[in-house]
Amino acid sequence: MANATFDIEKVRKDFPILQRKVNGKDLVYFDNAATSQTPKQVIDSIVDYYENYNANIHRGVHSLSQEATDAYEQARIKIQKHFNAQKPHEIIFTSGTTHAINLVANSYGSFLKPGDEVLVSALEHHSNIVPWQMMCEKTGAQMKVIPMLNNGQLDMNFFHKEVSSKTKMVFVNHVSNALGTINPIEEIIATAHAHGAKVLVDGAQSAPHIQADVQELDVDFYTVSAHKICGPTGVGILYGKEELLEQMPPYQGGGEMIAEVSFEKTTYAGLPHKFEAGTPNIAGGIAFGVALDYMHSIGFNVINAYENELLTYATERIKEVNGVIIYGPENPKDKTAVLSFNVEGLHAYDIGTILDQMGIALRTGHHCAQPIMDYYQIPGTARASFSFYNTKKEIDSFIEALKKAVSMLS
Amino acid sequence: MSKIEEKQEEIVDEFSMFEDWMQRYEYMIELGKTLPQIDEQHKTDENIIKGCQSRVWLHADLEGDKIKFSADSDAIITKGIIAILIRVFSEQTPKDILEADLKFIDEIGLKDHLSPTRANGLVSMIKQLKNYALAYQAKLN
């Protein structure tokens, strides 16, 4: 075990869902890269909010509203500290990563002009491609793609060759959702900055495994979804550097984001409220903070070491299955706990369907990253993604089930 | 009783013999292997049913007053599902296809495949079968 203080059985008891059966079998949940499961502590915080201090925030003079506002703003500070942002108002609550990227694409992206270039990595989730495509169409900026190499890593030579004074934005994920590749974002950020470009890093897949320090990275924008990191769905954050957020126009209009409104002119509120129109997901924001507390009670180093142990074990064991092809970096150290694979001659959908009958949940398909699948010329992969509450015993069940599926389907 | 209903009952009877999911899936895989292959010329992008995780091609010809379906997929379980659907719907009149009630899907334990998740193709397949029936009915009238 990676750390003597990490008691896996105790951790598993925190997750009520891990006790349930699926199709009569013990659930083996290996779809953590799609969404993580939720510990009791986080669920309780949501119940506590609705049972005890549900109120709209930032407005009411009454006690409930003040309690709710305090809890929500405390969560913002927890998130700020977790990512080591300089100021709490550099953390903008959003509905998730997709919303956060759309915010930057529409707001900061409105500064783009014809002749400008933006660079996107070929490893992106569709949500870090499409908003920028839409913005390029609107502004006349041109999008260039940093290609992927066969090992699932970015072609950094191409990046260094193509980045120039024309480049205004680079967007890249910290970790690929389809393959688990950890991208060299430090190198990308430093190089982009040397050419005067800003960088948005999609941290949806890295957040559950790697504690990013936004100041040390010197990243301009970093986006996260709570539901990937033991929090609830429907809430996430955008981190942005204060000076950039100050320059940016609001993205959505409504309540909360204004200072003064008249039909002649509206003046906007300061950060972070300028970007937080409407009543937010208050319980979700508070629960996001509790999820981070929970992760820290175990420790990100412990989590990372244990997950890597699981990935190494699964990577070895899956080789027992005839015809298995693994996609992405070969060395488990170069990726997070994701095993993206196919079995020769079989469709990932068939494998996923049979495994589900045996209680094993994994993801099949293109993982909203079709450019990667096009590169390998495959319709999709099966993806097993592990979390710190998974066990080697579950990996054993998965391998046995996979062998059975292969024999049924062949 | 219309022929569609008879065919549905036949399939329900066959599936009622199976004791567990494995037998049910093994049978669907077998059915998939026997699926009458679609003519290569009909495996076009136009004939791909959108909304399936696996690729599914469906083609329909009008023969007399009846529709003949042929299909293929790159996933074997999907092929099995289409094979069942084709057995029920192929060589039926557009009117009967449009009016058909598909309660057998539930009865043979395929209901899981009807949930409206994005991975799922059964809903799209049935919709496409019925679309063909609608188009040919318009043509016949």
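Among what's in segment B:7-21 and is within 14 Å of another protein chain (Cβ to nearest Cβ) and out of contact with any helix residue (DSSP H, G or I) (no Cβ under 7 Å at 6 or more places or on another chain), pick the residue that is nearest to A:Leu402 (Cα to Cα).
Here the residue is B:Asp20.
Assess whether A:Gly289 counts as being closer than 30 Å to A:Ser407 by Cβ and touching a Gly at 6+ places or on another chain (Cβ under 9 Å).
No: the conditions fail for A:Gly289.
State yes or no: is A:Glu330 away from every other protein chain (no Cβ under 13 Å) and within 18 Å of A:Val28 (Cβ to Cβ)?
Against the criterion (away from every other protein chain (no Cβ under 13 Å) and within 18 Å of A:Val28 (Cβ to Cβ)), A:Glu330 does not qualify.
Residues in segment A:374-397: is at least one away from chain B (no Cβ under 14 Å), free of Cβ contacts under 8 Å to residues at least 60 places away in the same chain and among the hydroxyl-bearing types (Ser, Thr, Tyr)?
Within segment A:374-397, one or more residues are away from chain B (no Cβ under 14 Å), free of Cβ contacts under 8 Å to residues at least 60 places away in the same chain and among the hydroxyl-bearing types (Ser, Thr, Tyr).
Exactly one of these conditions fails for A:Ala305: (1) of a type in the set (A, V, I, L, M, F, W, C); (2) open to solvent by less than 30 Å² (accessible area, probe 1.4 Å); (3) closer than 28 Å to A:Gln80 by Cα. Give me its number.
Unmet condition: (2).
Restrict the check to segment A:272-282 and report whether at least one residue is crowded, with 22+ Cβ neighbours inside 10 Å and among the aliphatic types (A, V, I, L, M).
The answer is yes; a qualifying residue exists.
Could you name every one of the strands (runs of 3 or more DSSP E) located completely within segment A:28-146 that has at least 3 residues being crowded, with 23+ Cβ neighbours inside 10 Å?
In segment A:28-146, A:91-94, A:117-121 are the strands (runs of 3 or more DSSP E) which contain 3 or more residues that are crowded, with 23+ Cβ neighbours inside 10 Å.
Restricting to segment B:22-46, and then to whatever is of a type in the set (D, E, K, R) and within 14 Å of chain A (Cβ to nearest Cβ), can you tell me which residue is farthest from B:Asp96 (Cα to Cα)?
Per the stated criteria, the residue is B:Glu26.
Name the single residue, out of those in segment B:63-103 being among the charged types (D, E, K, R) and surrounded by 22 or more Cβ atoms within 10 Å (Cβ to Cβ), that is nearest to the other protein chains (Cβ to nearest Cβ).
For segment B:63-103, the residue satisfying everything is B:Lys79.
What tally of residues in segment B:86-105 results from selecting those that are more than 18 Å from B:Leu31 (Cα to Cα) and in a helix (DSSP H, G or I)?
Qualifying residue count, segment B:86-105: 6.
Could we say that A:Asp293 is of a type in the set (D, E, K, R), open to solvent by less than 50 Å² (accessible area, probe 1.4 Å), in contact with a helix residue (DSSP H, G or I) (Cβ under 8 Å, 6 or more places away or on another chain) and assigned to a helix (DSSP H, G or I) here?
Against the criterion (of a type in the set (D, E, K, R), open to solvent by less than 50 Å² (accessible area, probe 1.4 Å), in contact with a helix residue (DSSP H, G or I) (Cβ under 8 Å, 6 or more places away or on another chain) and assigned to a helix (DSSP H, G or I)), A:Asp293 does not qualify.
The values are calculated or read from the model by the stated rules, or taken from the named source; none is laboratory data. Being a predicted model, the structure only gives us computed values, none of them experimental. FYI the Cβ positions are ideal-geometry reconstructions off the backbone, even for glycines, and counts take in every protein chain you see. What goes into the accessible areas is simple: the full protein's heavy atoms, side chains included, and nothing from ligands, DNA or RNA. Shrake-Rupley method; radii C 1.70, N 1.55, O 1.52, S 1.80 Å.
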